[in-house]
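Below is one structure, written out as structure tokens; comments come after it.
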């Protein structure tokens, strides 16, 4: 191993150690805020509330699911049997009482365990269930698993769009970009802005992706390349990315406020039954289709085009690629443009998946974007995609076997276990960490 390779390996190892430390810090903050409580979605002004009692006795720990308009949330009843779920917009929602969480011998007697609620003129709607002694008709574990599996694939493909760009930026520059979450938010905000200008959504979404690519070009030419030319260290660059993240995030809040905005058709256009009880919304199916097509096109670009092959060469060994005649700065510029465009598209998909656009929406999934990249192998686009699918599926399906408020923890624990045996990631090269 020559001096340059050893130096790059040491830098990669140091960067990975710093990155893992930052991830643990982010995770500790995230884990300190449980996903389930007696209320969720407090950031929304419209709320569905209820009270679960049996013969006047409050039932604590009963799980309630709220789904509709592309939005889903889970909550459990408190000591008084009360629960509340904030929703991003008025409309019709399916409210499901998970009967397995009721005491033995207690079931929903009238109306079924799943009922619909529709908002009226006010921002609050009450949904109660008539329960008592009776027999339950639970959904099979297989059907529950399949429904969550498809949700996980949808979430994983969304993460894949963002994590591929993040991983390529790291591979070509060794920079773990903590402002990548704001690049995700930028795409959704630009789509909202273009729609507000009167453009139809089928023009606004490609326009937002195009503007995302332009922002990637602007960031590299105006910030990152000058810093690279000054030979600034990776740790200093990472701190710059954290500062950039905070600055841009609060600029978003200044311009769009703290409310949640919606893109056209975010309320959904119905559901399509796939098989048995498994169904997906039309918006979800379109989102998965777009993600798959874009990922396939990007994979073809990486493996078959001249600039794509050059990108892979720079990601593998920048010094050797430069010695071979490859314009490394040009490749890095292209990578930044592609990464920002993919992040912008992921932002639009995330706005439909949540649904809704908020000033900090990219930050909410930044941890999982990094987790996907680290799990798959930082610097490898295909590894990032594999890691994203694994993270997305584990997050959704693990709730069947562990408490729902720990499903995010479960996915990250699996990531840590895999990295203990393969620290370079699933598809990463061992030389990257020494």
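The values are calculated or read from the model by the stated rules, or taken from the named source; none is laboratory data. Values in this document were obtained by computation on a predicted structure and should not be read as measured data. Methodologically, a virtual Cβ is constructed for each residue, glycine included, from the backbone with ideal geometry; neighbour enumeration extends over all protein chains shown.
Out of 157, 149, I need the residue that is at pLDDT 90 or above and either assigned by TED's automatic domain parsing to the domain that holds residue 244 or within 27 Å of residue 398 (Cα to Cα) (or both). Which one?
Within the list 157, 149, the selection yields 157.
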Q | Extreme residue, surrounded by the fewest Cβ atoms within 10 Å (Cβ to Cβ), among residues of region 353-368 that are outside any helix (DSSP H, G or I) and within 14 Å of the chain's Cα centre (by Cα) | A | 360
Q | Sole residue being under 22 Å from residue 266 (Cβ atoms) and surrounded by 20 or more Cβ atoms within 10 Å (Cβ to Cβ), chosen from 169, 95, 76 | A | 95
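For region 215-233, how many residues are touching a residue at least 12 places away in the same chain (Cβ under 8 Å) and either surrounded by fewer than 18 Cβ atoms within 10 Å (Cβ to Cβ) or not assigned by TED's automatic domain parsing to the domain that holds residue 170 (or both)?
6
Per-residue answers, yes or no, for (1) touching a helix residue (DSSP H, G or I) at 6+ places or on another chain (Cβ under 7 Å); (2) at pLDDT 90 or above; (3) under 12 Å from residue 359 (Cα atoms):
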| residue | (1), (2), (3) |
| --- | --- |
| 193 | no, yes, no |
| 204 | yes, yes, no |
| 212 | yes, yes, no |
| 246 | no, yes, yes |
(Q) It is to be established whether one or more residues within region 7-28 are in a loop (DSSP other than H, G, I, E, B) and modelled with pLDDT under 80. (A) no
**Q.** Selection count, region 165-214, where residues are without any contact (Cβ under 8 Å) to a residue 60 or more places away in the chain and within 17 Å of residue 291 (Cβ to Cβ)
**A.** 2
